[in-house]
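The values are calculated or read from the model by the stated rules, or taken from the named source; none is laboratory data. Here the structure is a predicted model, which is why all the values come from computation and not from measurement. Reconstructed Cβ throughout: ideal geometry from the backbone, glycine too, with neighbour counts over all protein chains shown.
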Amino acid sequence: MLVVLETGLPQERTQAIQARLRTLGFAVHARREGDRVVLGAVSVSGENRIEEVRAIPGVVEVKQIREPFKLASRSFKPDDSVIDVGGVLVGGPEVILMAGPCAVEDDHQVHETARAVASAGAKVLRGGAFKPRTSPYSFQGLGEEGLRILRRAADEFGMVLVSEIMDVSQLDLMLRYVDILQIGARNVQNFSLLRAVGQVDRAVLLKRGMASTIDEWLMSAEYLMAGGNHKVILCERGIRTFEKYTRNTLDLSAVPVVRQLSHLPIIVDPSHGVGVRSMVLPMARAAVAAGADGLLIEVHCDPEHALCDGQQSLLPEQFEVLAQQIRIIAGSVGRRLGPGS
């Protein structure tokens, strides 16, 4: 439920109300609206004690949150959330480009790709040091050495870094290098991983599962937020259907649906969504027109010889064209794309 407190209530009284809610069997999450505090109280006992909550001195309004994803819902927070990652604001007026190779192969590959995407306007460097692959014989990533390479390139070109975490055991290592922890489609319902990442103060990029409904996806975000980590960025990356002409079916209708249901920012990954280089640019354009807060794009200087997903990776010059076109489309929908470095 949503518990609205009196305006200007002293901090000690606010803390006392939170303590009382916990004794009644609620997990409590606080946020501030101007001069007043609003509490999200989620029952862990399953009991409906709304009348007892209304009777607490200092409480002026209590509303039920009907959605199963309580903290991720607009009922809890009507205004859009903006996630600040090292000065890069995801969910604000600027469309954020996140770009880089699918997998780290060597220092030269990452350095040259980072130079190209930063020059075109990307604010976030993406790259995989650990790669979840369907085949155990496929390239699995460089591990910590890959993270070192990514961090050096991100720092050199003034970018923040996003990379995928695959297992709870990698968390401490990832926190030493990465600004945004990516939870991929295969791990969207890895609840042990979600609980662990929910305990840390680090932004999270949560991809939709290839067979996840929007409710299931938002419930995964709820796991993170219930743990205390509200720095969640959603990423639509396509769902698996019967269609064979694309790698997945990119569900762009998820963008306006999520924006209606949730306050969390949402970006789109057209590279995995279609899996075909020639189709990435038109779907990126459509994603921004649909209201996406950013794009996650795979870029490689030599995609024909890439160790991972070369068929869907853009060349640097193609990414530059994408950025130029997105700049125009963003302006037409009341957004903007910042200049390159």
Item to check | Residue among 339, 265 that is crowded, with 19+ Cβ neighbours inside 10 Å, under 25 Å from residue 160 (Cβ atoms) and not acidic (Asp, Glu) | outcome: 265
Item to check | Failed item, numbered, when residue 9 is tested on (1) farther than 15 Å from residue 63 by Cβ; (2) of a type in the set (A, V, I, L, M, F, W, C); (3) under 31 Å from the mean Cα position of the chain (by Cα) | outcome: (3)
Item to check | Condition met for residue 21 (in a loop (DSSP other than H, G, I, E, B) and not polar (S, T, N, Q)) | outcome: no
Item to check | the stretch 150-183, residues that are without any contact (Cβ under 8 Å) to a residue 24 or more places away in the chain and either closer than 21 Å to residue 112 by Cβ or not assigned by TED's automatic domain parsing to the domain that holds residue 203 (or both) | outcome: 155
Item to check | Single residue of the stretch 157-177 satisfying the filter (in a helix (DSSP H, G or I) and out of contact with any helix residue (DSSP H, G or I) (no Cβ under 7 Å at 6 or more places or on another chain)) that is farthest from residue 187 (Cα to Cα) | outcome: 176
Item to check | Scan of the stretch 296-315 for residues that are surrounded by 18 or more Cβ atoms within 10 Å (Cβ to Cβ), under 11 Å from residue 116 (Cβ atoms) and not β-branched (Val, Ile, Thr), ordered by number | outcome: 300, 301, 314
